[in-house]
1. Which log10 I(q)/I(0) values does segment 307-350 give at q = 0.31, 0.33 Å⁻¹ under the Debye formula, counting every alpha carbon as one identical point scatterer?
2. Where the convex hull is taken over the Cα atoms of segment 367-498, what is its projected area averaged over directions, in nm²?
3. Share of Cα-Cα pairs in segment 312-439 beyond 19 Å, in percent?
4. Just add up the charged neighbours of R451: K/R +1, D/E -1, any other residue whose Cβ is under 13 Å from the Cβ of R451.
5. Taking the beta-carbon count within 10 Å as an exposure proxy, list F31, F310, F344 from fewest neighbours to most.
6. Using the basic label-point model (7 angstrom from Cα toward the beta carbon), what is the S4 to R26 distance in nanometres?
7. For a test of the definition: using alpha carbon positions, the gyration tensor, and the 1.5 limit on a/c, classify segment 386-437 as rounded, prolate or oblate.
8. Taking 60 Å as R0, compute the FRET efficiency from the Cβ-Cβ separation of Y315 and A466 and round it to 0.05.
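Read-outs: derived from the displayed coordinates by stated rules, not from any lab. Since this is a predicted model, take the numbers as computed values, not measurements. Here Cβ is always computed from backbone atoms with ideal geometry, including for glycine, and neighbour counts include all displayed protein chains.
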Amino acid sequence: MYDSKAKAAKKAALQGAHSHASRKTRTSATFHRPNTLRLAREPKYPRKSIPHAPRMDQFRTIVSPLNTESAMKKIEEHNTLVFIVDIRSNKRQIKDAVKKLYDVQAAKINTLIRPDGKKKAYVRLTADHDALDVANKVGHECRPEIILITRVSLTDRLASSKCISGLLDAPTGRRDGICCYIALFPSYALTPLARPPRAALPSTTRWRRFNTNGPIVPPASATSDEAKVTKVNRPPPSTPVDLDLSALSFQDEELSEISEQDLSAAFKEPPPLAETEAELFGMQPVLETNRSALDPKNLPTAPLDPNSSFTEEQYAASLVHGRGIHFPVFHPRTHDIPVANIHFRSHHPRLLDLFTHFATHAASSLGIPTSRVIYLPTKRTLWTVPRSPFAHKKSQENFERRVHKRAIKAWDAHPEVVDKWCRYLRRHALGGVGMRITRWERLPLGVGKARLEDVSKRLEKPDILAGQKIKALGEKIVAEELAALSKAKADANIPVKN
């Protein structure tokens with residue numbers, strides 16, 4: 001027993017690792033030798049004469065640090081800095097940017113996309129770095145900040161801020177003609193040092209429409225009015241500051257002194273709209289065009305009296321400014337006989353609403369009773385396809401198509417009027433809007449019965465004399481041919497045999 005085991009062990013030791021080798025089955029007749037020589041690249045010339053600058057450097061990666069209350073809590077409790085980073089940056093780039101900018105090592109980085117579309121990064125530092133010390137370098141420091149505040153915006157600042165510790169009694173100096181003060185804001189957040197816009201009285205000149213009847217005068221700049229207000233109302237440098245802030249409401253007092261009549265009188269009426277080429281561009285037309293239609297000045301444009309009744313024809317023939325913006329006149333139905341249905345299709349609802357509004361106005365002008373625009377259900381088609389032709393793909397892509405639908409029904413109109421309406425819509429069709437028209441043409445009552453009686457009469461009374469008519473027609477043709485032949489022989493002086 002022991003001898004057999006020893007012999008088996010000796011045999012296995014002699015064979016080594018090749019004892020369990022199996023022959024490989026090849027199913028292809030070709031054999032490609034593997035590459036045994038791989039030479040390193042040694043380019044003779046650079047492929048790019050000037051290498052491109054890094055597109056995502058540390059200054060582009062880090063947009064700004066966050067200084068909200070939750071960010072300060074992360075700094076103090078979790079040793080984590082919070083930044084707003086570029087939307088295209090990844091964690092490796094954020095880690096390198098923090099290392100280059102602030103010379104600190106990040107242990108872990110988490111990112112997320114905020115609802116406003118910006119990317120936020122949580123950078124947790126290693127144990128040998130203190131986030132609070134780094135924040136002092138970044139700008140999250142907890143120290144009083146000196147901020148320049150104008151007298152006009154000081155009321156709003158004091159009303160909205162709850163962290164003001166004091167206000168100096170004397171102005172510190174002048175900046176652009178405005179007296180500035182210093183307020184101490186011991187806050188954790190960075191406050192921008194940009195000066196707020198200076199307040200001024202509202203301008204009482206309305207926006208002028210473009211009209212080249214006269215010279216174009218640019219509107220007066222707001223800085224001149226502001227300078228006048230600040231020049232008149234600013235106190236001298238020696239004037240003490242009123243801590244009750246009662247002197248800072250000088251703008252409200254000036255506005256309260258102006259009455260409503262003064263304000264209404266200050267508003268200017270807009271100039272009339274330019275209509276001709278000379279008014280629009282300041283030049284006479286080169287070629288006089290012959291008008292093929294009536295002159296609009298000769299049309300009946302008498303204003304309608306709203307206190308007296310008038311017909312729809314009088315309303316359609318009169319000039320009403322802004323008529324095309326409002327809903328058209330929907331004529332009442334008289335017999336409820338449908339004559340046409342128009343369906344509209346488009347991928348853009350704005351174009352669809354515009355063209356249906358145009359179609360209803362055209363029908364109203366032709367006197368066709370129509371319905372209001374009917375909103376049909378939107379057809380939504382969704383396709384989900386793989387992003388690549390690889391069979392075992394890991395991502396898919398969705399494609400969606402929405403077809404918006406509208407419809408208009410027409411009643412009680414003459415077929416020629418409906419045909420004119422349809423041809424008018426086809427001629428002035430809007431790009432991106434499809435249209436399908438269904439029309440009904442009606443025949444008078446009893447047309448089927450009359451046609452049936454006519455056909456039945458023809459079938460009941462066959463033509464008995466048809467054979468005789470054919471025989472008589474044949475004899476007539478033979479006689480005409482013989483007469484023509486005899487005439488031709490007589491002209492040729494050939495004797496005719498009887």
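1. Reported log10 I(q)/I(0), two decimals: -1.18, -1.22.
2. The directionally averaged projection comes out at 26.4 nm².
3. That fraction is 57 percent.
4. With Lys, Arg at +1 and Asp, Glu at -1, the neighbours total +1.
5. Least crowded to most crowded, the residues run F31, F310, F344.
6. Reported label-point gap for S4 and R26 is 4.1 nm.
7. It comes out prolate by the Cα gyration axes.
8. 0.35
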